[in-house]
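Trainee: First, the structure itself, so that you have it in front of you.
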Amino acid sequence: MKILKWSFGELLNSSQKIGMNILLLGIVSFITDASSEIIIPLMPFFLKFLGGTAIGVGLIVGLVGGLRDSLSSILKGISGYWSDKIRRKKPFVATGYTISAASKLFFPIAGTWELVTLVNVWERTGKGIRDAPRDAIIAESSEGKKGKGFGIHRAMDTAGAILGAVIAFLLILIFSAPNKLDTIRWIFFAAAIIAFFSLIPLIFVKEKPQITPPKYKIGFRNLPRNYYFILIIVALFALGNFTIFFMILFAGSFFTGEFEILIPLLLYILFNITYTIFSIPSGVLADKYGNGKILSFGYGFFSLTCVIFVFCQSIPLFVLGFSVFGLSFAVIDTVQRSYISDLVPQENRGTALGTFHMVIGFSALPAGLLAGWLYDLDPTHTAPFIYGAIIGLISMILLFIYVKRQKRAKVT
């Protein structure tokens, strides 16, 4: 309770401490995620109920989840570079959120998994355009406390995710159509309407004018060597960081009837609550003890999550698994962005954050496809989690060794 009180107390007081832009962008993300997270936990079941394919459900889920994450992350690299190049961030942010909102209108009418994939690609295009420039604005508005700034934004983002999952849960209970597929379609339509309200707070975001130093060239050559070392470790971890769709689908396989959807939805809400509670503390701890040290713990928590899922066969273990998963991503999503922002000069921050997201994108699709293949291959569906646990552990060890060596190098 103390951590929960601290997290939301920091959130309420943040406008005076680190800038109104972070709160406004947090509200935008809150509404956007409320919309998106109505859709995301239901997407694996939507794909499953559509049917009409000869390939396994796991492979389809891995393809859709991996492709949506991959494309958006690759586009972040391009938008980050160009936002640095033209020294404007807000137009990219506004365009990205608008595209995402418009695309959601097409989820309810998609009739095949191929069309669902195309709409996912369209929706993730908006995310890819907006995220790196938005993160650059957050970094610039954090006044020397980037970990805390990103923590507050991630907390508001995930608070929206909690609301979205709760709305999805309630709508499943209240508006039950003759079949599950029709129920999900109506819920997707409600989510699309909510998405457009996220565009209103963007009007009030004020971008700081950027003055590039004389002769300073925006590009990859001006990024420091340490940045690339961290990028390699991030890429390795991303290869094991398959989509959350698999956790949701795996949890649903233990239940029947409406509980096949309702129980995973409750677990997904728990994941997001844990994520929200620990986002701000993760950023504050990273500012105090160092990004690398705290991020290595995040990778370790992800590995532990996968180990728990290997043995999950009861609700208490699923509760533990989704809770630790929320903790791991509160650390990882917050601290990775803060770490990258601290490693590079402000003039190249959009490029650095965009490249960071792009590297994750190149890893996301193979990670999703491999996890999907393993999910269908193994009758117990636990093979993807064994793979994820190994990759998470290796990433943790490599980052821990790197941080130790950097610390020794500074001392000598």
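All of the numbers you see were taken from the coordinates with simple rules; none came from a lab. Everything numeric here is computed off the predicted structure, so don't read it as measured data. Note that we place each Cβ from the backbone using ideal geometry, even for glycine, and neighbour counts take in every protein chain shown.
Trainee: Between exposed trypsin sites (Lys or Arg not before Pro) in the chain, where DSSP calls loop and at most 13 other Cβ atoms lie within 10 Å, what's the longest gap?
Mentor: 1-205
Trainee: Based solely on its DSSP helices, what 222 nm [θ] is calculated for the chain when runs of n ≥ 4 H residues each add -39,500 (n - 2.57) and the sum is averaged over all residues, nearest 500 deg cm²/dmol?
Mentor: -27500 deg cm²/dmol
Trainee: Please arrange CYS312, CYS306 by counting, for each residue, the other beta carbons lying within 10 Å of its beta carbon, fewest first.
Mentor: With the sparsest Cβ surroundings first, the list reads CYS312, CYS306.
Trainee: How high is the FRET efficiency from LEU262 to ALA190, r the C-beta distance, R0 25 Å, rounded to 0.05? If you can, show how the numbers build up before the last one.
Mentor: Working: r = 17 Å, r/R0 = 0.69.
For R0 = 25 Å, the calculated efficiency reads 0.90.
Trainee: Rounded, prolate or oblate: which fits the range 257-311, taking a ≥ b ≥ c as square roots of the Cα gyration tensor eigenvalues, rounded meaning a/c under 1.5, else prolate when a/b beats b/c? Spell out each step's value before the answer.
Mentor: On the way: a/c = 6.18, a/b = 1.92, b/c = 3.22.
The shape class here is oblate.
Trainee: Residue separation times 0.36 nm, minus the C-alpha to C-alpha distance between ASP378 and VAL319: what's the value?
Mentor: 18.9 nm
Trainee: Order of ASP342, ASP33 from fewest to most other C-beta atoms within 10 Å?
Mentor: ASP342, ASP33
Trainee: Compute the distance in nm between two label points, each set 7 Å from the Cα along the Cα-to-Cβ direction, one at LYS206 and one at ALA102.
Mentor: 3.0
Trainee: In the set (1) 1.08; (2) 0.95; (3) 1.43, which value of Rg/Rh (Cα atoms, Kirkwood Rh) was calculated from the structure you see?
Mentor: (2)
Trainee: Simple spin-label model, 7 Å along Cα-to-Cβ: ASN226 to GLN406 in nm?
Mentor: Reported label-point gap for ASN226 and GLN406 is 0.5 nm.
Trainee: May I ask which of LYS76/LYS208; LYS208/LYS293; LYS208/LYS407 have a Cα-Cα span longer than 25 Å here?
Mentor: Details: LYS76/LYS208 20 Å; LYS208/LYS293 31 Å; LYS208/LYS407 34 Å.
In this structure, LYS208/LYS293; LYS208/LYS407 exceed 25 Å between Cα atoms.
Trainee: How long is the gain from ILE109 to LEU181 if the chain were fully straight, where each residue apart is worth 0.36 nm and the alpha carbon distance is subtracted?
Mentor: Taking ILE109 through LEU181 to full extension adds about 24.8 nm, to one decimal.
Trainee: If you don't mind, there's one more thing I want to ask. Only counting other Cβ atoms within 10 Å, I'd like HIS381, HIS357 sorted with the fewest neighbours first. Could the numbers behind the result be given before it?
Mentor: Details: HIS381 17, HIS357 28.
Ordered from fewest to most neighbouring Cβ atoms within 10 Å, HIS381, HIS357 come out as HIS381, HIS357.
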